[in-house]
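One structure below.
The values are calculated or read from the model by the stated rules, or taken from the named source; none is laboratory data. Since this is a predicted model, take the numbers as computed values, not measurements. For neighbour counting, all protein chains shown are included, and Cβ atoms are generated from backbone atoms with ideal geometry for every residue, glycine included.
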Amino acid sequence: MYTVVYNLGNIADWLTAFGTIGAVIVSLYFSYNRSRKKAKVIISNRKTVLSDKLLFRIVNTGIIPIEVSTSRLSIHEPWWSKKDERVIHFSDEKPMMLEQSKSRTIYIDSYTVDKKLEEYEIPNEKKIKLIYVFRDTEGAAYSKVFNYTVKKPKDIEEKMTLTLSDLKD
């Protein structure tokens, strides 16, 4: 009878092999991450004397330039929802090239948003999810979902009227 003996090497050989495989995986990850377009979408609220403005900014966080062409604000629907997209604001301005750490900013008056939400029959004081999407000329999307509380446009109109009358006095 013959006995088969497997020589699996020593522990140092095994650790060296696993270390080499790990180094290759990490280097591939970093090289892939460095060579792709990256951007961050920032949303904030800016209050003025007459109205509130929503500020949407895209910042190129990668080293590859991004040419931003369009942007839109819409009601965020889950992917399984069969509803048509309900667009609140669409911007199709001249494409703008964003180099590393450069940004593009869009301002939208919250009164305009509330007026459009009223057209979609969204109740007052309801919290809904909105999504702002920037698209580049190659079709890649950079987006951010945020919560928004609906305000009645009539309440805002009254506030604007009172503020304007205060300014005239």
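Could you go through the stretch 74-84 and let me know if any residue there is among the small types (Gly, Ala, Ser) and free of Cβ contacts under 8 Å to residues at least 24 places away in the same chain. Yes; the residues of the stretch 74-84 include at least one that is among the small types (Gly, Ala, Ser) and free of Cβ contacts under 8 Å to residues at least 24 places away in the same chain. Of all residues in the stretch 115-137, those satisfying the criterion of being surrounded by 18 or more Cβ atoms within 10 Å (Cβ to Cβ) and over 30 Å from residue 64 (Cβ atoms) are 116, 117. Test residue 114 against the stated conditions and say whether it is over 19 Å from the mean Cα position of the chain (by Cα) and within 20 Å of residue 46 (Cα to Cα). Yes: the conditions hold for residue 114. Being surrounded by fewer than 12 Cβ atoms within 10 Å (Cβ to Cβ), in contact (Cβ under 8 Å) with a residue 60 or more places away in the chain and either more than 30 Å from residue 36 (Cα to Cα) or among the aliphatic types (A, V, I, L, M) (or both) is a condition met by at least one residue of the stretch 49-62.
Residue count for the stretch 30-80, restricted to those that are in a strand (DSSP E or B), hydrophobic (A, V, I, L, M, F, W, C) and either touching a Lys or Arg at 6+ places or on another chain (Cβ under 7 Å) or farther than 18 Å from residue 95 by Cβ (or both): 11. Residues satisfying the criterion are present in the stretch 37-50 (criterion: of a type outside the set (Val, Ile, Thr), more than 21 Å from the chain's Cα centre (by Cα) and farther than 18 Å from residue 143 by Cβ). Is the stretch 100-107 home to any residue that is of a type in the set (Val, Ile, Thr), under 25 Å from the mean Cα position of the chain (by Cα) and either in a helix (DSSP H, G or I) or modelled with pLDDT of 90 or more (or both)? The answer is yes; a qualifying residue exists. Would you call residue 148 modelled with pLDDT of 90 or more, crowded, with 16+ Cβ neighbours inside 10 Å and out of contact with any Pro (no Cβ under 9 Å at 6 or more places or on another chain)? Spelling it out, residue 148 is indeed modelled with pLDDT of 90 or more, crowded, with 16+ Cβ neighbours inside 10 Å and out of contact with any Pro (no Cβ under 9 Å at 6 or more places or on another chain).
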